[in-house]
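Below you'll find the structure, written out as structure tokens, and then a few comments.
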Amino acid sequence: MQLSFLIAKALLEGDFASYFASVPSAADDPEPIVVREGRFEREARMEDEERGTVTVAVLVVREVAATAEADAQACERWIRTYGWELVAENGSWRICGLDTTAPAFEERDGSGRFVYEFDVRLTVVMSL
């Protein structure tokens with residue numbers, strides 16, 4: 001189970017995107033939200049579970065800089081205040097904590113679009 005799917009699902013529930021991409025291609029959608037999951041970093045191992053963190057990067061790609069910044073801020077606020085208790089468990093993963101970084105300008109991509117990024121750092125427990 002990819003935890004980035006839970007982030008994408010939460011953003012869909014907040015009406016932030018109709019299209020998610022792994023690579024922001026202008027041919028597929030001019031203004032996608034890109035969700036990239038990092039790897040699990042173990043902090044502790046117990047007999048039947050591991051606890052650690054997973055960082056999910058959220059990139060908001062828009063044609064206009066002000067729109068990219070405003071949408072990234074709204075997405076980050078939504079994720080930070082989302083009711084994770086209802087969807088915290090999925091398969092062998094359980095989210096037990098969440099923190100976000102402030103959205104920041106990342107780059108202008110090859111198509112000239114503005115990219116703002118924020119990270120969602122999930123503290124998770126994985127059943128063994």
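The values are calculated or read from the model by the stated rules, or taken from the named source; none is laboratory data. Please read all numbers here as calculations on a predicted model, not as lab measurements. With ideal geometry, Cβ positions are generated from the backbone for all residues, glycine too; neighbour counts draw on all protein chains shown. For accessibility, only protein heavy atoms count, side chains too; no ligands or nucleic acids. Shrake-Rupley method; radii C 1.70, N 1.55, O 1.52, S 1.80 Å.
When Ser127, Ser111 are checked against the criterion of being exposed (fewer than 12 other Cβ atoms within 10 Å of the Cβ) and out of contact with any helix residue (DSSP H, G or I) (no Cβ under 7 Å at 6 or more places or on another chain), a single residue qualifies: Ser127.
Considering only residues in the range 93-108 that are open to solvent by 50 Å² or more (accessible area, probe 1.4 Å) and not in a strand (DSSP E or B), the one that is farthest from Val54 (Cα to Cα) turns out to be Ala102.
On inspection, Glu31 qualifies as at pLDDT below 90, in contact with a Lys or Arg (Cβ under 8 Å, 6 or more places away or on another chain) and among the acidic types (Asp, Glu).
Each row is one residue, and each column tells you yes or no for (1) over 16 Å from the mean Cα position of the chain (by Cα); (2) closer than 18 Å to Leu122 by Cα.
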| residue | (1), (2) |
| --- | --- |
| Ala17 | no, no |
| Val35 | no, yes |
| Ala44 | yes, yes |
| Asp48 | yes, no |
| Ala66 | yes, no |
| Gln73 | no, no |
| Ile79 | no, yes |
| Val87 | no, yes |
| Gly97 | no, yes |
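Consider the range 89-127 and keep the residues that are in contact with a Lys or Arg (Cβ under 6 Å, 6 or more places away or on another chain) and within 30 Å of Glu47 (Cβ to Cβ). The one that is modelled with the lowest pLDDT is Val125. Within the range 74-88, the set of residues being open to solvent by 80 Å² or more (accessible area, probe 1.4 Å) and modelled with pLDDT of 90 or more comprises Arg77, Trp78, Arg80, Thr81.
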